[in-house]
1. List, in the order given, every pair from K86/K146; K6/K162; K86/K166 whose Cα-Cα distance in the structure shown is over 19 Å.
2. Using alpha carbon centroids, what distance separates the stretch 124-148 and the stretch 65-87, in Å?
3. Determine how large the accessible area of R168 is when every protein chain is in place; take a 1.4 Å probe and give Å² rounded to the nearest 10.
4. With +1 on each Lys and Arg Cβ and -1 on each Asp and Glu Cβ, how big is the dipole of the chain about its Cα centre, in debye rounded to the nearest 20?
5. Please give the per residue accessible area of the chain, computed with a probe of 1.4 Å over protein heavy atoms only, in Å².
6. Given a 1.4 Å probe and every protein chain left where it sits, what share in percent of the accessible area of the chain is carbon and sulfur?
7. If we sort 52-65, 5-18 on the protection proxy, mean other Cβ atoms within 10 Å, highest first, what's the order?
Amino acid sequence: MTDLPKRQLGRTGLEVTTLGFGALELRGVVAGIGRLLEPSEPELILNAVLDAGINYIDVAVDYGEAESHIGRCIASRRREFFLATKCGCPLDVSQFSPNERTRYGVPLPRLHDYSRQNIIAACHQSLRRMRTDYLDVLQFHFSPAKSILEQEDAIATLQSLKQQGKIRFLGCSSML
């Protein structure tokens with residue numbers, strides 16, 4: 001299965017497999033949501049993903065332990081995959097009860113913060129957790145309104161992180 005078809009991701013020039021891996025299920029149990037993982041499961045899953053030829057991994061700050069699992073289990077294989085994560089998420093989702101943070105198991109956008117301080121802290125936290133020097137894509141989580149992005153100067157914050165070499169591309173992850 002290593003011959004998965006690839007397509008260019010938007011205008012990035014990145015040739016990603018048409019089948020990516022969404023790391024939400026690697027979160028573990030966070031604030032009463034998710035499932036317990038056996039200690040060996042994240043490593044088995046992540047290496048199987050890469051061994052199958054999948055080269056695009058999508059994660060988010062608020063996916064519990066997922067970023068840490070990626071860093072612990074496959075950081076040594078970093079050249080084999082593109083890494084996309086999200087910003088605007090609370091830095092510590094465990095502080096919210098399941099009812100406060102989700103509807104039908106999906107994180108609620110009202111808890112998100114697109115301030116410069118939160119975006120930079122989230123980027124640094126993601127880099128540290130995933131044991132990498134750069135993120136291929138850093139996306140705004142939940143399609144924040146244009147007015148919020150403008151008010152917070154959020155796009156300029158991502159552009160600054162790009163100029164610093166911490167991210168390669170910026171984007172937006174949407175539920176719509």
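The values are calculated or read from the model by the stated rules, or taken from the named source; none is laboratory data. Computed from a predicted model, the values in this text were never measured in an experiment. Neighbour counts are summed over all protein chains in view; Cβ atoms, including those assigned to glycine, are modelled from backbone coordinates with ideal geometry. We work out accessible area using only protein heavy atoms, side chains counted, and drop any ligands, DNA or RNA first. Shrake-Rupley method; radii C 1.70, N 1.55, O 1.52, S 1.80 Å.
1. K6/K162
2. 13 Å
3. 90 Å²
4. Dipole about the Cα centre, nearest 20: 360 debye.
5. 53 Å²
6. The value for the chain is 50 percent carbon and sulfur by accessible area.
7. 52-65, 5-18
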